[in-house]
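The values are calculated or read from the model by the stated rules, or taken from the named source; none is laboratory data. Everything quoted here is computed from the prediction, not taken from an experiment. Here the Cβ positions follow ideal geometry from the backbone for every residue, glycine too, while neighbour counts run over all protein chains shown. These area figures cover heavy atoms from the full protein model, side chains too; ligands, DNA and RNA do not enter into them. Shrake-Rupley method; radii C 1.70, N 1.55, O 1.52, S 1.80 Å.
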Number of protein chains: 2
Amino acid sequence: MEVYVNPRINADVFLKNPMDSELGKKIISYSVKMIDEIGFSKFNFKKLAEEIQSTEASIYRYFPNKHRVIIYLSAWYWEFVLYQINVKTKEVKEPKKRLEIAIKNLVYIGEEAQTHSYLDMVILQRIITEQFYKIVRTKNVSVQNEIGFFESYKRLCSSLASLFNEIDSSFKYPMTMSTAVVEMSINNTYCCSNMPSLTEIKCGADQKSQIEMMIQYFCGRLLEKCQLSFN
Amino acid sequence: MEVYVNPRINADVFLKNPMDSELGKKIISYSVKMIDEIGFSKFNFKKLAEEIQSTEASIYRYFPNKHRVIIYLSAWYWEFVLYQINVKTKEVKEPKKRLEIAIKNLVYIGEEAQTHSYLDMVILQRIITEQFYKIVRTKNVSVQNEIGFFESYKRLCSSLASLFNEIDSSFKYPMTMSTAVVEMSINNTYCCSNMPSLTEIKCGADQKSQIEMMIQYFCGRLLEKCQLSFN
DNA sequence: AAATATACGATAGTAATACTATCATTGTCA
DNA sequence: TGACAATGATAGTATTACTATCGTATATTT
């Protein structure tokens, strides 16, 4: 499996493609590192410039502001998740089996992904878990939506929705369900370390497998005739 | 029904209780107005001071920063929703009927609430819909969680969770389900105006009733033997 | 009625943020 | 050799998110 994804990201997100230069790649990989360490709100181009021994001005030639950086990162993340799901379900016919694989790949980052790229997917997942809602909930969301900044996320949700539809074509709300499922995986990861009383998931080594089982449980009940392996 | 709620809000949220003075009440009601108009990120104490003909310094005597203002507002909102649910389900015995009422009051703001208070609940609901995730997703969430800033939200979720439990005691994830349901009501309201392809809900006059039906549909499928009126 | 506390207003100031602008330097390719 | 693209160096600005101090009006206590 080739896990080094080079996702096609809407060119309006950046001013200059960070994939095209060493500096660009450094901007991306150190952004991930810094956002993870100090949080998105304290992260800025001045600190980043210092860290990578460059200048604010140079970074501004790639992205007009830090918000675009995180939009870029989240696009990459969802692109990656969908890619992972597609690769692993390619040969699988049975819809329920494919749903199981999709759920697994929504929750886990494949081990193969962890060594290849200058973009650390495990850290990126952590960032998206913490920051996703800050990305989506801005006053200009509908503008950015029109420009297509969120295409990657939408593609993933549509893809899950059509899986649900294959399994139970009578289900009335496949899109709502797929956003709920994606957000459930994010939320419960977040809650179990930050607001534990809001979830049944317990922090720990098997946290992801708990979440996987839980999402299977929900899908099993929501879709008719959909008993999955953990149910 | 007495809808003028005077919620008990954790005193650590503010420096000085805004309910105790005219200026305090003005700060609250105009904050709501301004955040709705210009968004939380562009909202600040300087603009607010100008609007209410006071000074930044005076506002800082009530709240240490604007983030606390929105925590205060969201606490009030969830307190209000739970209060509404409690009042309207008080006389009702049948759990399924109570769930239906709870769902309705999660989505709608009772008409009675709209005239009484200096806090406009309809606008407040709009703000919470737009900003809720910004409130919860901060780097210090777990600190604030310990202080108890989010007690109101948690109380509401727990209350829904025990309702689910009454209806189907075999259901494994009542807390996760209740946060999913609350967020579903927020998310779909948000999506249908900002990212319409992510939801089956269509913008319009009956938007809230669509969401009510949808949540009933999900609850009906998730909980066993739980056919609600719209299913 | 005098003393005191509290609330609020007025004003000033600061460090950090989020940019924008300009010009110099370096490497590359034709 | 010359042109151009990419980057670095430096400077500057408006706004934000505060903090600090002082003076005055009003209410409360004694």
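Details
- Positive-end residue of B:Leu156, B:Ile201, B:Gly220, charge dipole of the range B:74-222 with Cβ unit charges: B:Gly220
- Couplings 3J(HN,Hα) of the range A:219-225, computed from phi: 4, x, 7, 6, 9, 6, 6 Hz, in residue order, whole Hz [Karplus 6.51 cos²θ - 1.76 cosθ + 1.60, θ = phi - 60°; x for Gly and Pro].
- Inter-chain Cβ neighbour average for residues A:173-181, partner chain, 10 Å: 6
- Measuring from the axis that maps chain B onto chain A, the chain B residue with the nearest beta carbon and its rounded distance in angstrom come out as B:Tyr133, 2.
- A:Lys93 label point (Cα plus 7 Å toward Cβ) to equivalent points in the other copies: 5.5 nm, shortest first.
- When chains A and B come together, the accessible area they lose, probed at 1.4 Å and totalled over both chains, is close to 4600 Å².
- All lysines inside 20 Å of B:Lys134 as judged from Cα atoms, apart from same-chain residues fewer than 8 positions distant: A:Lys42, A:Lys66, A:Lys134, A:Lys139, B:Lys33, B:Lys42, B:Lys66, B:Lys154
- One Cα centroid belongs to the range B:55-91, the other to the range A:85-159; the line between them spans 34 Å.
- Test item: Cα-centred dipole of chain B, Lys/Arg +1 and Asp/Glu -1 on Cβ, debye: 400
- Hz values of 3J(HN,Hα) by residue in the range B:152-162 - Karplus curve (6.51, -1.76, 1.60), Gly and Pro given as x: 5, 4, 5, 4, 4, 4, 4, 5, 5, 4, 6
- Surface analysis of the protein assembly as shown yields an accessible area of 43 Å² per residue, using protein heavy atoms and a 1.4 Å probe.
- Derived scalar couplings ³J(HN,Hα) [the range A:39-54; Karplus, 6.51 cos²θ - 1.76 cosθ + 1.60; whole Hz; x for Gly, Pro]: x, 5, 5, 8, 6, 8, 5, 5, 4, 4, 4, 4, 4, 9, 6, 10
- Note on B:192-202: average number of Cβ atoms from other chains within 10 Å of each residue's Cβ is 5.
- Within 10 Å of the Cβ of each residue in B:131-138, the mean number of Cβ atoms contributed by other protein chains is 5.
- Three-way shape label, the protein assembly as shown, alpha-carbon gyration tensor, a/c 1.5: oblate
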